[in-house]
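Throughout, read-outs are computed from the coordinates displayed, never taken from laboratory work. Because the structure is predicted, anything quoted here is derived from the model rather than measured. Glycine also receives a Cβ, built like all others from the backbone with ideal geometry; neighbour counts cover every protein chain displayed.
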């Protein structure tokens, strides 16, 4: 690690004080630590100072040291050791951190660095002429499959090309950085492969995904998965083709459901609301049914729900046996804890 020093005195502000809101936050954070261990809050409190000021000045270090009743040198040691702390002014609109670790380097990080040198400043840790932009090279930003990438603030921008990075920098320079969606900058869902899913084809797409994958027809059993560019067969609707197997799966009843109100299967560890609905649709509604499962029943249910071994791994039968015998009280007696 290179030597890290505080910025020149010429740029050091004379004083630093937390805003009222940040001061309240810092005091609450300090109270989270045991008596006599409040100094352990030095990193989050320093981080809050950097969020407010944009960088960590000498005055900010002194303020944090006073707040935590620490010697100034101890806080200085923390600030100069961890590279997450900026020790000199950074761009007021964007500080671009270019990942230079091997995966990003192999995928074009040097070209991204060249963009920063040309559009911001020839050297890292310097601002542009009007002080709005700065950049540096950092180590792994944690999304190697989407290399190359940069971080700006708390967001990462992935799958970059030099042209796309130029567009992002221009947007931040114009004060329109919030118009750029963070994450991958290509037609990819999070870190999924670019060609689309090849497994779990019957599973719903992530409801929180910013981009939805292209619609795919569900392949017949034993058939290979279609690619993103595969055309649908003439005269057939991909949507209908995909929906048909799902409709059959929902209507198929593997077990004869007993009469009466269903038990709360969610009390079985490993069964959530969605899985409970699937079990009910397959005719599994009572603890006693699960408790009486034989090996053939487990295999049949495993196949229907497409999760091999989960029933035995999570111990559904033993849990259901206790719940069927005496409910929560019996479960607690057998397992020493409440269900779920």
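Hey, could you pull the Cα Rg and Dmax for the stretch 57-139, both in Å?
Over the stretch 57-139's Cα set, Rg and Dmax evaluate to 15.7, 47 Å.
If you stretched the chain out fully between residue 299 and residue 202, how much longer would it get, using 0.36 nm times the residue separation minus the C-alpha to C-alpha distance?
Result: 33.0 nm gained on full extension.
Can you give the three extents of the C-alpha atoms in the stretch 9-81 along their principal axes, from longest to shortest, in whole Å?
That works out to 39, 26, 17 Å along the principal axes.
Within the stretch 90-129, which residues have the backbone N less than 20 Å from the label spot 7 Å out from residue 10 along Cα→beta-carbon, could you tell me?
It comes to 90-92, 121-129, nothing else.
For residue 119 paired with residue 195, estimate the spin-label separation in nm (one decimal), with each label point 7 Å from Cα along the Cα-to-Cβ line.
3.2 nm
Please work out how much length the chain gains when fully extended from residue 310 to residue 256, using 0.36 nm per residue of separation minus the C-alpha to C-alpha distance, in nm with one decimal.
That works out to 17.3 nm of additional length.
Ranked by Cβ crowding within 10 angstrom, fewest neighbours first, how are 271, 284, 42 ordered?
42, 271, 284
Restricting to the stretch 49-189, compute how many DSSP beta bridges are antiparallel as a %, nearest 5.
Antiparallel bridges: around 45 percent, rounded to the nearest 5.
With labels modelled as points extended 7 Å from the Cα through the Cβ direction, what inter-label distance (nm, one decimal) is found for residue 25 paired with residue 278?
Between residue 25 and residue 278, the label points sit 4.0 nm apart.
Return the whole-Å distance between the Cα centroid of the stretch 119-168 and the Cα centroid of the stretch 287-340.
The stretch 119-168 and the stretch 287-340 have Cα centres separated by 51 Å.
Could you work out the relative contact order of the stretch 1-143? I mean the mean sequence separation of Cα pairs under 8 Å and 6+ apart, divided by the number of residues, in percent.
21 percent
Between residue 164 and residue 334, take the C-beta separation as r, use R0 = 56 Å, and let me know the FRET efficiency to the nearest 0.05.
The calculated FRET efficiency here is 0.45.
Consider just the alpha-carbon atoms of the stretch 265-335 and return their Rg together with their Dmax, both in angstrom.
11.4, 32
Could you order peptides 73-83, 173-183 by the average number of other Cβ atoms within 10 Å of their residues, highest first?
Going from most to least packed, we get 73-83, 173-183.
Sketch the reach of a paramagnetic label on residue 105 as a point 7 Å from Cα along Cα-to-Cβ, and name the residues of the stretch 131-145 whose backbone nitrogen lies under 16 Å away.
Flagged as within label range: 137-142, 144.
Assuming R0 = 30 Å, what is the FRET efficiency of residue 140 and residue 37, from their Cβ-Cβ distance, to the nearest 0.05?
With R0 = 30 Å, the Cβ-Cβ based efficiency is 0.50.
So for 285, 101, fewest C-beta neighbours within 10 Å to most, what's the order?
101, 285
For the stretch 94-184, what does the equivalent ellipsoid look like in terms of its semi-axes, each the square root of 5 times an eigenvalue of the Cα gyration tensor, given largest first in whole Å?
19, 15, 11
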